[in-house]
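The values are calculated or read from the model by the stated rules, or taken from the named source; none is laboratory data. Because the structure is a prediction, the values reported are computed rather than measured. Methodologically, a virtual Cβ is constructed for each residue, glycine included, from the backbone with ideal geometry; neighbour enumeration extends over all protein chains shown. These area figures cover heavy atoms from the full protein model, side chains too; ligands, DNA and RNA do not enter into them. Shrake-Rupley method; radii C 1.70, N 1.55, O 1.52, S 1.80 Å.
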Amino acid sequence: MIPKVRKAVFPAAGLGTRFLPATKAMPKEMLPLVDKPLIQYCVEEAMHSGIQDIIIVTGRGKSSIEDHFDVSFELEQLLESKNKTDMLSMVRSISDMIDVCYIRQKEALGLGHAVLRAKDLVGNEPFATVLSDDVIASDVPCIRQLLDIYEYYGASVVALMEVPPDQISSYGVVDAEPVSHNGNEHRVFRIRNMVEKPKPSDAPSNLAIIGRYILTPEIFTCIESIEPGAGGELQLTDALKYMLRSRPIYGLKFDGKRYDAGDKLGFLKATVEFALNRHDMGDAFRTYLKGLTL
Ligand code: G1P
């Protein structure tokens, strides 16, 4: 029997240097796309994928994330007294959404290190890992798509996307062979090797890892076994590569559109597209954009 994935780890202790000065005193995970913080989109994706427990790995200056998922007593009282029932239920739904627990990563020593901080809270069971700067719009939540592959093979799965050569050095990149899965030859891969942030000339393919992972619990000993890699940090990609020595790992070219919302241009693209898709303001925003001289 393949164990069920119940928990998701959200590393959120990074310094957000790509988005300075906005992130000097504000966590990048709290940057809003239209009116909802990046991390809430990702928590909702996990929930809609059937995940029950959220573990957020935070650092200094990240308390607004905890406040966001907590009850806001004063705000609720105010909205109640003014009879703003819609807003009240929206605000309540965030704190009612899911059980969240927090663990601190005291130093930003890398993604692998952040995931390792969650070891005791995760225990000996498989879990999802979600990077909130990667916001993914899709019909079936991306985590759900990965879970379907995990539930079939019982092995770790990473989300994959083709990226252009001039961007490949920003990612973990895989060497992988397609496997026939439900008659579909082009979406599921068995991974042979992977490398974190390769030079374009060293990249084994154009398939990059995107911030969604299903990890079996052996990943923790793998992280403990590796040395710091790219950028002097403990890299999750290196731990996965270590795990490949003893276990298979799969990759899924997911259906959906991914926005790199931790990057200023990616964030703007996401903002525009999410606003255009909103029932309450999409039409007005479209009219506004059409009126611009571009
Ligand atoms: C992280 C991972 C990298 C992955 C990327 C996806 O890098 O280390 O393997 O491709 O997320 O967004 P970061 O963007 O934190 O440098």
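Surface exposure of segment 95-144, expressed per residue as accessible area with a 1.4 Å probe, stands at 45 Å².
For segment 25-37, putting each phi into the Karplus relation 6.51 cos²θ - 1.76 cosθ + 1.60 with θ = phi - 60° gives couplings of 10, 9, x, 5, 5, 9, 4, x, 8, 6, 9, 10, x Hz, in residue order, rounded to whole numbers and with x for Gly and Pro. In terms of packing, defined here as the mean over residues of other Cβ atoms within 10 angstrom, the peptides 41-48, 178-185 line up highest first as 41-48, 178-185. As a rough guide to protection, the peptides 118-124, 106-112, 28-34 ranked by mean Cβ packing within 10 Å, highest first, stand as 28-34, 106-112, 118-124.
Computed from the C-alpha gyration tensor, the three semi-axes of the ellipsoid equivalent to segment 184-294 are 38, 16, 14 Å, from longest to shortest. Taken along its three principal axes, the alpha carbon spread of segment 106-162 comes to 36, 26, 18 Å, from the longest extent down to the shortest. Using the average count of surrounding beta-carbon atoms within 10 Å as a protection proxy, the listed peptides 270-278, 91-99, 188-196, 12-20 rank, highest first, as 188-196, 12-20, 270-278, 91-99. Estimated purely from DSSP H runs of n ≥ 4, each contributing -39500 (n - 2.57), the mean residue ellipticity at 222 nm for the chain is -9500 deg cm²/dmol once divided by its residues. Taking every DSSP beta bridge with both residues inside the chain, roughly what % is antiparallel (nearest 5)? In the chain, DSSP labels about 60 percent of beta bridges as antiparallel. Residues whose amide H falls under 5 Å from that of residue 247, counting only those 5 or more places apart or on a different chain, are absent, with hydrogens built in the peptide plane. Return the Rg/Rh ratio of the chain with Cα-based radii and a Kirkwood Rh. Expressed as Rg/Rh, it is 0.97. Here the 3J(HN,Hα) profile of segment 9-17, calculated from phi with Karplus coefficients 6.51, -1.76 and 1.60 at θ = phi - 60°, is 9, 10, x, 9, 9, x, 8, x, 5 Hz, Gly and Pro shown as x.
Defining a contact as two alpha carbons under 8 Å apart and six or more residues distant in sequence, what relative contact order in percent does the chain show? Relative CO of the chain lands at 22 percent. For segment 258-291, backbone nitrogen atoms closer than 16 Å to the point 7 Å from residue 22 Cα along Cα-to-C-beta are found at 259-276. With 0.36 nm allotted per residue and the present C-alpha distance subtracted, the residue 52-residue 255 stretch has 70.8 nm of extension available. Across segment 45-196, C-alpha contacts under 8 Å between residues 6 or more apart give a mean separation that, scaled by the residue count, equals a relative contact order of 22 percent.
For segment 18-62, dividing the convex hull volume of the Cα atoms by the residue count gives 84 Å³ per residue. 3J(HN,Hα) along segment 242-257, derived from phi through the Karplus expression 6.51 cos²θ - 1.76 cosθ + 1.60 where θ = phi - 60°, amounts to 5, 5, 4, 4, 10, 9, x, 9, 10, x, 10, 6, 6, 8, x, 10 Hz, with x in place of Gly and Pro.
Of the two radii for segment 1-128, the radius of gyration is 1.00 times the Kirkwood radius, both from the alpha carbons; that is the Rg over Rh value.
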